[in-house]
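Participant: Got a structure for you, written out below as structure tokens; questions coming shortly.
The values are calculated or read from the model by the stated rules, or taken from the named source; none is laboratory data. The model shown is predicted, which means the values in this text are computed figures rather than measured ones. Positions of Cβ are generated from backbone atoms using ideal geometry, with glycine treated the same way; all protein chains shown enter the neighbour counts. To get the accessible areas, we keep the full protein, side chains included, count just its heavy atoms, and leave off ligands, DNA and RNA. Shrake-Rupley method; radii C 1.70, N 1.55, O 1.52, S 1.80 Å.
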Amino acid sequence: MVIELSFIWAGIIAFAVLTYVILDGFDLGVGILFPLARNETEKATMMNSIAPIWDGNETWLVLGGGGLFAVFPLAYAVVMPALYIPIILMLLALIFRGVAFEYRWRTERWKPVWDAGFFGGSLIAAFMQGIALGALVQGIEVTDRAYSGGWWDWLSLFSVLTGFAVVIGYALLGATWINLKTEHRLQAQMQRYAVFLGIGTLGFMGVVSLLTPFQNPDYFQRWFNLPGSAFSVIVPGCVLLMAWLLFSSLKAGKDATPFFASLGLFVLCFIGIGISFYPNIVPPSLTIVEAAAPDSSLKFALVGTVVLVPLILAYTAYAYWVFRGKVDPEEGYH
Amino acid sequence: MFDSLTAETLARMQFAFTVSFHIIFPAFSIGLASYLATLNALWLRTRDETYLTLFTYWKKIFAVAFGMGVVSGIVMSYQFGTNWSVFSDKTGPVLGPLMAYEVLSAFFLEAGFLGIMLFGRERVGDKLHMFATAMVAFGTLMSATWILSVNSWMQTPAGYSINELGQFIPEDWWQIVFNPSFPYRLVHMVLAAFLTTALVVGGVGGLHLLRDKTDKPARRMFSMAMWMLVFVAPIQILAGDAHGLNTLEHQPVKIMAMEGHYDSHPDGAPLILFGIPNPEERRIDYAIEIPNLSSLILKHDLNAPMEGLDTVADEDIPPVAIVFWSFRIMVGLGFAMLGLGAWSLWHRFRGQLYDARLLQRAAIVMGPMGFVAVLAGWVTTEVGRQPFTVYGLLRTSDSLAPIAAPAVAASLIAFIIVYFFIFGAGTFYLLRMMNKRPDTPHLGLRDGPVRAAGIAQMHHGDSDTNLGQ
């Protein structure tokens, strides 16, 4: 029973993190692309396209942190000190971009400051998330239930590479989201950029995927032996399918398909990372079972999660539905 | 500057700094969300435009304050791990699920319905908009419930066992959630949030009445705020008293520090009104005290013996001076709130509520005092819990993450700079909005981000933002 519960929870946490990545991914991406807006109307349109939903998206990050603390306290206690600097920088960056949503409408003189904060905050938050991912893939040194590495261990060529990969990937999500929510020049511009960002994302996926098996011999084993090797064939196939969907729908000027194809790419990357990690929660040595809280904690938290998460998904979907369709740029100018 | 400080001291400073900044915003938004729900309900029932004007005015202020609360709150949820990872590993099995419930049942609720509450009235109609507004208010209260359960468990742990790894293992969730100090702390904090909001609303109302006593929305909000003080301030004092008795039962050392009782009093302890704690000599200098009153308040018996800090081991004594002072600030402000309420009642019954300029000035002075009282109260209870994170069981010094002092010092400096910059600007914008008349159509450059995607036939804008234009 212990094993089953902790694995169910690993699945739930993975789901929360994935949901965070794809939801906040596109709104961080909008922030990264923000300087491309040519005038105030376009800026307002870009920001208004995510204003009603960004804090709901970011709540999944809180769930990722809070959930890890709840059900894998050891993983939380090991990962946070190990990734101290990237996490603190990510939090500070998120503060800057979060307040920009309200602050930029409250001042004329300082508007450029908050706009810069929105862009810089989104960019740094995305980059730090990518670095954290790379550092996690490379592995975290654990002795006696505590992090035992240095406080610059997270910084490596590989983690910087994953940092750039996430920035480009989020920008792709952002570009396809803006394509979905806007019209005219902005939409046309984003369609063009999405092609380049799509090529960039696929390039980074390729390089990171090639390098990952060499970060840890276990990954090599998993990807080149059954059952993992089956995925080694399936996943790239799916990636090609999504890439074709992305580029062909961009060319055809579709609204929604490019966005969902980009989301698909992220889901596939995430599955790939999951295959590399399993059965560890923190590579190279901390397993899901070791890190799990006692059964009573897992059960108590599970009851509420099973009831509440579907409810959350339902009213989140409703909020997206209420604010559906193209953003009206005039709407901000009563 | 930080050379002489240990990683533990720095981490404590960082937590105190970030949590103090954070608590200001929830203390305001818990009360304001309920106020907004009330205003909206009154508008729907009476169709009195004044209520709608007030709703529109305060919702924009709410949006800014709520945003600041969200971003400063995300920091908190990660700081347990970055600076206090040993604490996280040991208490995670008990406290983690409570925090997960807070996220699932409160944060998502607030975030999910906030957009609809702020900008969706036209899109979803009055009824669903009211529902969304109520859900936001309910979410803030749920959030308070869970996080106060967490904090209370750290003060009065219950329903756990300790395993071979030194982790706290949940045994009885009912006892954990409803631990002995939780009901008292929850009531005390929620009332404090309501009072804080009432004081802000009253201060803003007073300001606009001083400028124009015929200002209808200003009259309405001033009156509502003063009624709130009349009813809630006395209840809060009773709740605080009950909370104190509960603390005496479970954390007597904290009470000793609050009271400044360095010595035991076998024949009844005095109530020290004022004095200057002298930790070296272990006495209160220049004490002004009322004999036996402390025993009467805490034990309901003039001659009941009370133990002092002389019965406690040195390493278990919290910093007395801080707790002594913060407690007096909180209590003093509580009585000032009661006084303001009573004063308003006197003017109200003489029919002069809107002409009483001195009262309105006093309301402005008291406007920010709810925040001061909330901070002073939290300092009392948190510093009074030292030197433990889990009272009596886990020492603060044993809770720290394996991090080096320079890393904590650097992040502390970064937090200080960013927080003063960001929240300084935010506070400035909030004050500037409050400085505008309640019926001002534009509080900012425009009415904030209209959170909307235009569906042509539904047309854009909600009735709120169009009002008065």
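Participant: Please list, in chain and number order, the residues 5+ apart from B:THR6 or on another chain whose amide H is under 5 Å from its amide H, with Hs placed from the backbone.
Facilitator: none
Participant: Keeping every protein chain present and rolling a 1.4 Å probe, give me the accessible area per residue for chain B in Å².
Facilitator: In whole numbers, chain B has 38 Å² accessible per residue.
Participant: Residues of region B:176-220 with amide nitrogen under 14 Å from the 7 Å Cα-to-Cβ point of B:ARG357?
Facilitator: B:207-214
Participant: Can you compute the modelled spin-label distance between A:VAL267 and A:ILE8, with each label point 7 Å from Cα toward Cβ, in nm?
Facilitator: Distance between label points: 2.3 nm.
Participant: In percent, what relative contact order does chain A have, based on Cα pairs under 8 Å that are 6 or more apart in sequence?
Facilitator: On the way: 424 pairs, mean separation 83.2, N = 334.
Dividing the mean separation by the residue count of chain A yields 25 percent.
Participant: Where does the longest stretch of chain B lie that holds no GluC sites (Glu not before Pro) found in a DSSP loop with 15 or fewer other Cβ atoms within 10 Å? Write down the numbers at each step before the final one.
Facilitator: Values: sites that count: B:GLU164, B:GLU171, B:GLU280, B:GLU281.
The longest such stretch corresponds to B:282-469.
Participant: Viscosity 0.890 mPa s, temperature 25 °C: what is the translational diffusion coefficient of region B:219-328 from Stokes-Einstein with a Kirkwood Rh over Cα pairs, rounded to a whole number of µm²/s?
Facilitator: Details: Rh = 15.2 Å.
After rounding, the answer is 162 µm²/s.
Participant: A further question follows. Can you list the residues of region B:125-166 whose accessible area drops by at least 10 Å² going from the chain on its own to the full set of protein chains, with a 1.4 Å probe?
Facilitator: Hits at the 10 Å² cut-off: B:LEU128, B:LEU165.
Participant: Provide B:ARG219, B:ARG47 ordered by accessible surface of protein heavy atoms (probe 1.4 Å), highest first. Intermediate results must be reported in sequence, preceding the final value.
Facilitator: Values: B:ARG219 80, B:ARG47 120 Å².
From most accessible down to least: B:ARG47, B:ARG219.
Participant: Here is a follow-up. Evaluate peptide B:255-268: per residue, the Cβ atoms of other protein chains within 10 Å of its Cβ; return the mean as an integer. Show your work: numbers first, answer last.
Facilitator: Numbers: counts 0, 0, 0, 0, 0, 0, 0, 0, 0, 0, 0, 0, 0, 0.
Counting other chains' Cβ atoms within 10 Å and averaging over B:255-268 gives 0.
Participant: Note down the Stokes-Einstein diffusion coefficient of region A:207-291 in µm²/s, whole number, using a Kirkwood radius over alpha carbon pairs, 10 °C, and 1.306 mPa s. All intermediate terms of the calculation are to be shown ahead of the outcome.
Facilitator: Details: Rh = 14.2 Å.
Answer, rounded: 112 µm²/s.
Participant: I need the helices of chain B that pass two filters: whole DSSP H segments spanning 30 Å or more by Cα along the axis, and mean Kyte-Doolittle score no lower than 0.0. Working shown, then result.
Facilitator: Values: long enough: B:7-46 (58 Å, 0.92); B:49-83 (50 Å, 0.65); B:121-155 (46 Å, 0.33); B:182-211 (44 Å, 1.31); B:216-250 (49 Å, 0.43); B:320-349 (44 Å, 1.30); B:405-434 (41 Å, 1.85).
Helix filter hits for chain B: B:7-46, B:49-83, B:121-155, B:182-211, B:216-250, B:320-349, B:405-434.
Participant: For region A:104-158, state which chymotrypsin sites (Phe, Trp or Tyr not before Pro) are in a DSSP loop and have at most 12 other beta carbons lying within 10 Å of their beta carbon. Don't jump to the answer; show the numbers that get you there.
Facilitator: Working: sites: A:TRP105, A:TRP110, A:TRP114, A:PHE118, A:PHE119, A:PHE127, A:TYR147, A:TRP151, A:TRP152, A:TRP154, A:PHE158; in loops: A:TRP105, A:TRP110, A:TRP151, A:TRP152, A:TRP154.
Those satisfying the criteria are A:TRP152.
Participant: Sort A:285-293, B:262-270 by packing, meaning the average of other beta carbons within 10 Å per residue, with the highest value first. Can you show the working numbers first?
Facilitator: Numbers: A:285-293: 20.0, B:262-270: 17.7.
So the order, starting with the most tightly packed, is A:285-293, B:262-270.
Participant: Starting from the Kirkwood radius over alpha-carbon pairs of region B:213-396, derive D by Stokes-Einstein at 37 °C in a medium of 0.692 mPa s and give it in µm² s⁻¹. Show your work: numbers first, answer last.
Facilitator: Values: Rh = 18.2 Å.
Stokes-Einstein gives a translational diffusion coefficient of 181 µm²/s.
Participant: Report relative contact order for chain B in percent, whole number only (criteria: Cα-Cα under 8 Å, sequence separation at least 6). If you can, show how the numbers build up before the last one.
Facilitator: On the way: 705 pairs, mean separation 103.9, N = 469.
Result for chain B is 22 percent.
Participant: To make sure I understand the rule: partners must be lysines, Cα under 29 Å from the Cα of B:LYS90, and not fewer than 8 residues away in the same chain. Which ones qualify?
Facilitator: Candidates past the 8-residue exclusion: A:LYS299, B:LYS254.
Participant: Additional query: Hey, what does the equivalent ellipsoid look like for region B:90-157, semi-axes from the Cα gyration tensor as sqrt of 5 times each eigenvalue, largest first, whole Å? Spell out each step's value before the answer.
Facilitator: On the way: eigenvalues 200, 20, 8 Å².
After diagonalising the Cα gyration tensor, the semi-axes are 32, 10, 6 Å.
Participant: Let me ask something additional. Under the Kirkwood approximation for Rh and a Cα-based Rg, what ratio Rg/Rh is obtained for region A:117-267? Spell out each step's value before the answer.
Facilitator: Details: Rg = 17.7 Å, Rh = 16.9 Å.
Result for region A:117-267 is an Rg/Rh of 1.04.
Participant: Also, quick follow-up: Relative to 2.2 N^0.38 Å, what does the C-alpha radius of gyration of region A:80-193 come to as a ratio? Two decimals please. Present the calculation step by step, with values, prior to reporting the outcome.
Facilitator: On the way: Rg = 17.4 Å, N = 114, 2.2 N^0.38 = 13.3 Å.
Dividing the Cα radius of gyration by 2.2 N^0.38 Å gives 1.31.
Participant: Which helices pass in chain A if a helix is a full DSSP H run, must span at least 15 angstrom along its long axis by Cα, and must have mean Kyte-Doolittle hydropathy not below 0.0?
Facilitator: Details: long enough: A:2-33 (45 Å, 1.90); A:40-50 (16 Å, -0.59); A:54-71 (26 Å, 0.52); A:84-103 (29 Å, 1.79); A:111-138 (40 Å, 1.01); A:157-181 (36 Å, 1.54); A:184-211 (40 Å, 0.79); A:228-251 (34 Å, 1.64); A:257-277 (30 Å, 2.01); A:295-322 (40 Å, 1.33).
Helices meeting the criterion: A:2-33, A:54-71, A:84-103, A:111-138, A:157-181, A:184-211, A:228-251, A:257-277, A:295-322.
Participant: From the helices alone, meaning DSSP H stretches of at least four residues, give me the mean residue ellipticity at 222 nm for the protein assembly as shown, per-run term -39500 (n - 2.57), in deg cm²/dmol to the nearest 500. Each step should come with its number before you reach the end.
Facilitator: Working: 28 runs with 571 residues, N = 803.
Value at 222 nm, helices only, nearest 500: -24500 deg cm²/dmol.
Participant: Here is a follow-up. Work out the FRET efficiency for B:ALA342 and B:VAL372 from their Cβ-Cβ distance, taking R0 = 22 Å, and round it to the nearest 0.05. Mind dumping the intermediate values first?
Facilitator: Values: r = 20 Å, r/R0 = 0.92.
Working from the Cβ atoms, E equals 0.65.
Participant: Next question. So between B:LEU128 and B:ASP398, what do we pick up on full extension, going 0.36 nm a residue minus the alpha carbon distance?
Facilitator: Details: separation 270, 0.36 × 270 = 97.20 nm, distance 4.97 nm.
Length difference between fully extended and current span is 92.2 nm.
Participant: How large is the dipole of the protein assembly as shown about the Cα centre if only Lys and Arg carry +1 and Asp and Glu carry -1, each at its Cβ, rounded to the nearest 20 debye? Don't jump to the answer; show the numbers that get you there.
Facilitator: On the way: 48 positive and 57 negative charges, 635 e Å.
Dipole of the protein assembly as shown, to the nearest 20 debye: 3040 debye.
Participant: Quick one: if you stick a label point 7 Å off each Cα along the C-beta vector at A:PHE220 and B:SER161, how many nm between them?
Facilitator: 4.6 nm
Participant: Residue by residue through A:300-306, how many Cβ atoms from other chains fall within 10 Å of the Cβ on average? Numbers along the way, then the final one.
Facilitator: On the way: counts 11, 8, 2, 3, 5, 4, 0.
Mean inter-chain Cβ contacts per residue within 10 Å come to 5.
Participant: Oh, and also: Got a number for carbon plus sulfur as a percent of region B:179-244's accessible area, 1.4 Å probe?
Facilitator: On the way: 1610 of 2200 Å².
Using a 1.4 Å probe with all protein chains present, region B:179-244 comes out at 73 percent carbon and sulfur.
Participant: Give me the orientation-averaged projected area of the Cα convex hull of region B:147-244, in nm², one decimal. Kindly include the intermediate steps, with their values, before the conclusion.
Facilitator: Values: hull surface 32.1 nm².
Hull-based average projected area comes out at 8.0 nm².
Participant: Given labels modelled 7 Å from the Cα in the Cβ direction, how far is it in nm from A:VAL307 to B:ILE416?
Facilitator: 4.6 nm
Participant: Something else about it: So what are the radius of gyration and Dmax for the Cα set of chain A, in Å?
Facilitator: Gyration radius and largest Cα-Cα distance of chain A: 20.2, 62 Å.
Participant: What part of the accessible area of region A:6-131, given as a whole %, is carbon or sulfur when the probe is 1.4 angstrom? If you can, show how the numbers build up before the last one.
Facilitator: Values: 2070 of 2810 Å².
Result for region A:6-131: 74 percent of the exposed heavy-atom area is carbon or sulfur.
Participant: Return the long-range amide H neighbours of A:ALA292 (sequence gap of 5 or more, or a different chain), with a cut-off of under 5 Å between placed amide H atoms.
Facilitator: Under 5 Å from the amide H of A:ALA292: no residue qualifies.
Participant: State, in square angstrom and to the nearest 100, the accessible area buried between chains B and A, both chains counted, probe radius 1.4 Å.
Facilitator: Details: alone 21400 and 16470 Å², together 30450 Å².
In total, this chain pair buries about 7400 Å².
Participant: Per residue, how big is the convex hull around the C-alpha atoms of chain B? Give it to me in cubic angstrom, could you? Numbers along the way, then the final one.
Facilitator: Working: hull volume 80.7 nm³, N = 469.
About 172 Å³ per residue, rounded to a whole number.
Participant: For the protein assembly as shown, state the semi-axes of the equivalent ellipsoid (square roots of 5 times the eigenvalues of the alpha-carbon gyration tensor), sorted largest first and rounded to whole angstrom.
Facilitator: 45, 37, 21
Participant: If you put +1 on each Lys and Arg Cβ and -1 on each Asp and Glu Cβ, how big is the dipole of region B:213-396 around its Cα centre, in Debye rounded to 20? Could the numbers behind the result be given before it?
Facilitator: Working: 15 positive and 18 negative charges, 334 e Å.
Using Cβ point charges on Lys, Arg, Asp and Glu, region B:213-396 gives about 1600 debye.
Participant: Whose amide H sits under 5 Å from the amide H of B:GLY268, counting only residues 5 or more places off or on another chain, with H placed in the peptide plane?
Facilitator: Hits under the 5 Å cutoff: B:MET306.
Participant: Here is a follow-up. Looking at chain A, identify the longest residue range that excludes and avoids all trypsin sites (Lys or Arg not before Pro) in DSSP loops having at most 15 other Cβ atoms within 10 Å.
Facilitator: Values: sites that count: A:ARG38, A:ARG109, A:ARG324.
Free of exposed loop sites, the longest segment is A:110-323.
Participant: Place a point 7 Å from Cα of B:ASP316 in the direction of its Cβ. Which residues in region B:257-291 have their backbone N less than 18 Å from it?
Facilitator: Output list for this probe position: B:257-265.
Participant: State in Å² the accessible area per residue of chain A; use a 1.4 Å probe, count heavy atoms of protein chains only, and round to the nearest integer. Write down the numbers at each step before the final one.
Facilitator: Values: 12710 Å² over 334 residues.
In whole numbers, chain A has 38 Å² accessible per residue.
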